[in-house]
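The values are calculated or read from the model by the stated rules, or taken from the named source; none is laboratory data. These figures come from a predicted structure and were not determined experimentally. Here the Cβ positions follow ideal geometry from the backbone for every residue, glycine too, while neighbour counts run over all protein chains shown. Side chains are part of the model used for accessible areas, which takes the heavy atoms of the whole protein and leaves out ligands, DNA and RNA. Shrake-Rupley method; radii C 1.70, N 1.55, O 1.52, S 1.80 Å.
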Amino acid sequence: FPLFEQATGNLILMASTLHEVVNLPAKERGALFQKIEELEQIGEDITRQTNLELSKNFITPFDREDIHSLITAIDNIAGNIHGASSRMKLYQIDKITKSIRKLTEINLEACELIDKSVKELKNFKDIKVISDACLRIDKLENKSDTVYDKAVADLFENETDAKNIIKYKEVLSVLETAADKCKSVANVLESIAVKQS
């Protein structure tokens with residue numbers, strides 16, 4: 001449980017740092033890109049540590065497969081947040097669109113809900129907290145699809161530079177995938193909740 005909470009805490013830090021990045025002028029983003037890089041490394045270490053514990057411990061709080069699925073799904077979100085960050089940096093995305101901001105906001109909210117649910121796993125006093133959070137994450141993921149589709153349509157309609165279309169579509173795509181991965185975590189959480197109730 002402490003490892004899960006470290007993983008989700010780290011996820012919130014990554015998502016909030018990325019949300020901060022998209023609300024800053026281009027020249028002020030460097031340190032935050034670096035911070036996301038470091039946080040991703042911390043996340044990888046937590047995942048490795050969790051899998052190591054899993055291989056050593058005979059008794060686990062819930063199914064081994066579920067523990068593995070949950071930590072892997074959390075790590076996938078972190079990978080996509082890191083991916084969005086590194087693409088913004090590499091492609092020198094100076095002008096941040098409203099859609100990019102919206103997607104980072106959706107991901108941050110979803111990560112906060114995941115953190116809340118993971119904390120609830122410890123004592124299973126209120127399964128409703130988990131199911132409500134999962135439902136909300138599901139709605140956020142649907143919202144991210146809508147934001148992404150509209151953003152890509154706008155891009156093709158209004159952007160004349162093919163390089164810009166590719167750059168922005170890449171960033172939007174990774175952010176949207178991060179939201180999909182949040183939904184994957186919600187699915188694992190729901191499955192654990194059902195088995196424990």
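Return only the number of the condition from (1) open to solvent by less than 80 Å² (accessible area, probe 1.4 Å); (2) more than 30 Å from Leu90 (Cβ to Cβ) that Asn123 does not satisfy.
If we test Asn123 against (1) open to solvent by less than 80 Å² (accessible area, probe 1.4 Å); (2) more than 30 Å from Leu90 (Cβ to Cβ), just (1) comes out false.
Pull out all pairs, ordered by first then second residue, where Cβ-Cβ is under 7 Å, the residues are six or more apart or on different chains, the first lies in region 67-96 and is open to solvent by 10 Å² or more (accessible area, probe 1.4 Å), and the second is of a type in the set (Phe, Trp, Tyr) and at pLDDT 95 or above.
Lys89/Phe33
Within region 135-182, can you find the residues that are in contact (Cβ under 8 Å) with a residue 60 or more places away in the chain and in contact with an Asp or Glu (Cβ under 8 Å, 6 or more places away or on another chain)?
Across region 135-182, the qualifying residues are Tyr168, Glu176, Ala179, Cys182.
For the list (1) surrounded by 15 or more Cβ atoms within 10 Å (Cβ to Cβ); (2) out of contact with any Lys or Arg (no Cβ under 7 Å at 6 or more places or on another chain); (3) acidic (Asp, Glu), I need the number of the one condition that Asp138 fails.
Result: Asp138 fails condition (2) only.
Determine which single condition Thr160 fails, assuming it passes every other condition in (1) assigned to a helix (DSSP H, G or I); (2) over 10 Å from Ser99 (Cα atoms).
(1)
Conditions (1) under 14 Å from the mean Cα position of the chain (by Cα); (2) of a type in the set (A, V, I, L, M), marked per residue:
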site: Leu39; (1), (2): yes, yes
site: Ala73; (1), (2): yes, yes
site: Gly83; (1), (2): yes, no
site: Met88; (1), (2): no, yes
site: Glu112; (1), (2): yes, no
